[in-house]
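Here the structure is laid out as structure tokens; the discussion comes afterwards.
Nothing in this text is a laboratory measurement; each read-out follows from the coordinates by a stated rule. Because the structure is a prediction, the values reported are computed rather than measured. Cβ atoms come from the backbone with ideal geometry, glycine included; neighbour counts cover every protein chain shown.
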Amino acid sequence: MRGGQDEARARVLQFTNCRILRGRALLRCGVRGRALLREDLWVREGRILDPEKLFFEERRVADEQRDCGGCILAPGFIDVQINGGFGVDFSQATEDVGSGVALVARRILSHGVTSFCPTLVTSPPEVYHKVLPQIPVKSGGPHGAGVLGVHLEGPFISREKRGAHPEAHLRSFEANAFHDVLATYGPLDNVRIVTLAPELGRSREVIRALAARGICVSLGHSVANLQAAEEAVQCGATFITHLFNAMLPFHHRDPGIVGLLTSDRLPPGRHIFYGMIADGMHTNPAALRIAHRAHPQGLVLVTDAVPALGLGNGRHTLGQQEVEVVGLTAYVAGTKTLSGSIAPMDVCVRHFLQATGCSVELALEAASLHPAQLLGLEKHKGTLDFGADADFVVLDDSLHVRATYISGELVWQAEEARQ
């Protein structure tokens, strides 16, 4: 029901008294640059509507108006690296993985997340074979955030920079490299991102094969130098997994993977994106500022949240490892090795804004437009341009979530906002 008389009869919602993040400007009956503007958001059949066409071609007005109380309307957040949460571990091969994914999908709505990539850490092949078929791509709605595909972080990563990944299950590429990938993971139908270490032998062959299948290749958990990283990008890699973490530190003679942010050896037109965990624990504020100022348009906020998200202190799992949460930090139990984050996306957005001093627009784009661009979804997700999916988050001036919408439908609302 997208055109003709059926479309004309569909209900039109008009969101008023709001500031809209569109085209990198916050719009209000107020200021956009130096111009005074009024801008409402119009929605029909789950898409953002051009009101001029509605007025002048269809000669219609809204069926319902909703006053947003002066709040910000931004595209829904997209988390491309989340290992679980609320007691659910995506890397555990249970009989009903789908119910766990559904629980997380529902709970992250309160943090403004409308789409996500469930992430599996390094695991034995039997776990991938059992879990991956149970996490299909799925549209979001009242049931929860949409699933964009799975992010496979490992097992083809560096032993030296494995971080919280279990060493016993790490793998390298064998003689028939891509066949080894398929033997490890099984069918790749539900896979959207694969993190690997580009210094591994035959990695370029694997990167080309994955990119040819439309899978985003990310570089991470690696001791690669800059040349190896540049060659990986030339082969099709487009992302860096949690910049600064689990990679060689920046060095002025060979900056390693970090050097991709300002490299002049990337293919023409190729844009490199990089994930940042802005939880206040993984990355020093000065490092956040360095990365942001070097390459702001490539920065993608990720939570890297672990199953302990939302549960507090104690012992929890992350795949084959036991994790201990102390205060705001998760460690591999019995060590001081960081093991993912327990900060939700809206917390990361606020911390990133405070730490970098960037504009509100750029902070919001790092959690919405940039991950959508990374996945090639920017015409439908991460934007409130006309024709895009009406997935958006309502925020107050301090960027706390007041409500979350998917396809123009209210799917979560703060208790105080219901009064």
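Numerical summary
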quantity	calculated
Coil-residue trypsin sites (Lys or Arg not before Pro) of region 197-249, DSSP, other Cβ within 10 Å capped at 13	R213
Relative packing of peptides 395-404, 140-149 - highest average C-beta neighbours within 10 Å first	140-149, 395-404
Global geometry of region 232-354, whether rounded, prolate or oblate, following the gyration tensor of its Cα atoms and the 1.5 cut on a/c	prolate
Highest-first arrangement of 261-270, 222-231, 81-90, where packing means the average Cβ count within 10 Å	81-90, 222-231, 261-270
Three semi-axes of the equivalent ellipsoid, region 34-173, Cα gyration tensor, whole Å, largest first	42, 17, 13
Listed peptides 342-353, 170-181, 111-122, 365-376 by packing density, highest first (mean Cβ within 10 Å)	111-122, 365-376, 342-353, 170-181
Loop-resident sites, region 95-166, for trypsin sites (Lys or Arg not before Pro), counting at most 15 other Cβ within 10 Å (DSSP)	R159
Cα centroid separation, region 171-189 to region 112-139 (Å)	17 Å
Å³ per residue enclosed by the Cα convex hull of region 205-285	99 Å³
For the chain, calculated [θ]222 nm from helices alone, where every DSSP H run of n ≥ 4 adds -39500 (n - 2.57)	-6000 deg cm²/dmol
Span from the region 224-256 Cα centroid across to the region 347-410 one, whole angstrom	27 Å
Anisotropy class of region 82-375 from Cα gyration tensor, a/c 1.5 cut	rounded
Across K138/K336; K53/K381; K53/K379; K138/K379; K138/K161, pairs whose alpha-carbon gap is larger than 25 Å	K138/K336; K138/K161
